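A short worksheet on the structure shown next.
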Amino acid sequence: RRRLRPAPSCGSRALAAMASRGAAAPLLSAALLLLLPAVASAGLSGYFGTKSRYEEVNPHLVRDPLSLGPAAAASRLPAACAPLQLRALLRHGTRYPTAGQIRRLSDLHGRLLRRPAAAAACPAAADLAAWQMWYEESLDGRLAPQGRRDMEHLARRLAARFPALFAARRRLVLASSSKHRCRQSGAAFRRGLGPSLSLGSDEVEVEVNDSLMRFFDHCAKFVALVEENEAAMCQVDAFKEGPEMRKVLEKVASALCLPVEELNADLVQVAFLTCSYELAIKNVTSPWCSLFSEEDAKVLEYLNDLKQYWKRGYGYDINSRSSCILFQDIFQHLDKAVEESKSSKPISSPLIVQVGHAETLQPLLALMGFFKDDEPLKANNYVRQAHRKFRSGRIVPYAANLVFVLYHCDQVKTSKEEYQVQMLLNENPMPFHHSNETISTYADLKDYYKDILENCHFKEECELPKVNITAVDEL
């Protein structure tokens, strides 16, 4: 049985709680808008975590959203290799804030409006009091217009990079999470392919598949011990009360002429994220950005990353183990394509595109061992983690994508080299762990992940203990 260890230094509170749960746009031209982002973010845009624009990981897209960038040219395979299958896992495009975030922002904005004296004394407070609160709860995480463009442009870039797979009369299997933003992202991706590719609507299968795209909702152990267990986030809570966050809190309170007691880490974070939303959705510099320096942004990024680490990453084994159902599905389709190729049959599913969430991709990448730091992210090691690998904004920004491409190669020395695989994260080749190369034989890749492919069983991994647990190490 895999062990779900408590966050270090969280004390007996987490232990007891887990055990008990176990039992149960301004009016500017489009050309000018493209020039704004680097300036608009005021040095903050690299630290928005999961609320980051896709352009943060691919800056060349700011000037030309259809450019394939230097990575595509540098990762060409030998001419003797032809792509057989592409499996793309996408995070939805840029979205609006959730209803909860909008409520917190409305609360903070309301406090400024109720303190005209503070606004008179503090320029920042005056600017924010004059800012129009245009977010409505009905937007609740829905796909923004920029999110549709994210997906359309991604589709066009992938089609340009793999023209043989996206050619006329190739079958596209398109699946999505049940969430509205994911379904709309899937539709936008399909539109991005355009009529010139001759992918008629009758050739596209669109399905909602939460068992794969939202596997975490179907994993009872994850839901009980992590998702709904406040004690599991004790490192996050401790950092909110720690010296780094306290310094940011006091600075923001001073800038707004508010008593520091009226603010907390969640309100400060929502102010910071509003800066990110205004940039991502409207491409403007929000007055909320003026509250933060780059050093503040690094602290708030770490807060976001702590949550991702303990809830979706390496913090607990069940976070990643729950994704093995998706991991195995990927390889089942790759296996089928290899078998069909060996039998000289047409590849039945040359294109499989699935749209999910940051919470879909992050656990899967952790399962595969990517972006793992030598030391866990904790509340008390912020300084030591300044150069950490686990930076969610670099891994799963809006429109993040993990793409597996299977190739058939002629003129090879051994039969094992006939089928090769490439993996792209956000359109950039990922070196494989077993070789540190960006191309692997399919046989070697399967061998490296043999244990997960053969021994990670979703039902067993996700089953809750039948009896009370006296120690978390027994899980």
inquiry  = Just checking, does segment 196-206 include any residue being open to solvent by 30 Å² or more (accessible area, probe 1.4 Å), in contact with a Lys or Arg (Cβ under 9 Å, 6 or more places away or on another chain), under 26 Å from I330 (Cβ atoms) and modelled with pLDDT of 95 or more?
reply    = no
note = In segment 277-289, residues that are part of a loop (DSSP other than H, G, I, E, B) and open to solvent by 10 Å² or more (accessible area, probe 1.4 Å) total 3
request  = Scan E460, E454, E437 and give me the residue that is under 20 Å from S211 (Cβ atoms), open to solvent by 40 Å² or more (accessible area, probe 1.4 Å) and out of contact with any helix residue (DSSP H, G or I) (no Cβ under 8 Å at 6 or more places or on another chain).
outcome  = E460
ask   = Is there a residue in segment 104-121 that is within 17 Å of Y398 (Cα to Cα) and open to solvent by less than 10 Å² (accessible area, probe 1.4 Å)?
value = no
inquiry  = Suppose the filter is in a helix (DSSP H, G or I), of a type outside the set (D, E, K, R), in contact with a Leu (Cβ under 9 Å, 6 or more places away or on another chain) and under 17 Å from E278 (Cα atoms); does L108 pass it?
reply    = yes
message = If I filter segment 298-346 down to residues being open to solvent by less than 30 Å² (accessible area, probe 1.4 Å) and outside any helix (DSSP H, G or I), which single residue comes out as nearest to P243 (Cα to Cα)?
response = G315
request  = Kindly list, by first and then second residue, each pair from a residue in segment 429-447 that is on the phi < 0 side of the Ramachandran plot to a residue that is open to solvent by 50 Å² or more (accessible area, probe 1.4 Å) and among the small types (G, A, S), limited to pairs with Cβ atoms under 8 Å and residues at least 6 apart or on different chains.
outcome  = P429/A74
inquiry  = Going residue by residue through segment 378-391, is there one that turns out to be within 14 Å of the chain's Cα centre (by Cα) and surrounded by 18 or more Cβ atoms within 10 Å (Cβ to Cβ)?
reply    = yes
query = Counting only residues that are under 18 Å from G100 (Cα atoms), open to solvent by 10 Å² or more (accessible area, probe 1.4 Å), assigned to a helix (DSSP H, G or I) and not hydrophobic (A, V, I, L, M, F, W, C), how many does segment 252-276 have?
reply = 2
inquiry  = The conditions are (1) modelled with pLDDT of 95 or more; (2) surrounded by fewer than 22 Cβ atoms within 10 Å (Cβ to Cβ); (3) not acidic (D, E), and F292 fails exactly one of them. Which is it?
reply    = (2)
request  = Go through (1) more than 19 Å from the chain's Cα centre (by Cα); (2) at pLDDT 95 or above one by one and return the number of the condition V284 breaks.
outcome  = (2)
request  = Go through segment 43-101 and give me each residue that's in a helix (DSSP H, G or I), open to solvent by less than 40 Å² (accessible area, probe 1.4 Å) and small (G, A, S).
outcome  = S45, G46, G49, G69, A71, A72, A99, G100
task = Output the number of residues of segment 158-187 satisfying the condition of being in a helix (DSSP H, G or I) and open to solvent by 10 Å² or more (accessible area, probe 1.4 Å).
result = 8
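The values are calculated or read from the model by the stated rules, or taken from the named source; none is laboratory data. Note that this is a predicted model, so its numbers are computed, not measured. Virtual Cβ from ideal backbone geometry, glycine too; neighbours counted across all protein chains shown. Accessible surface areas use protein heavy atoms only, side chains included; no ligands, DNA or RNA. Shrake-Rupley method; radii C 1.70, N 1.55, O 1.52, S 1.80 Å.
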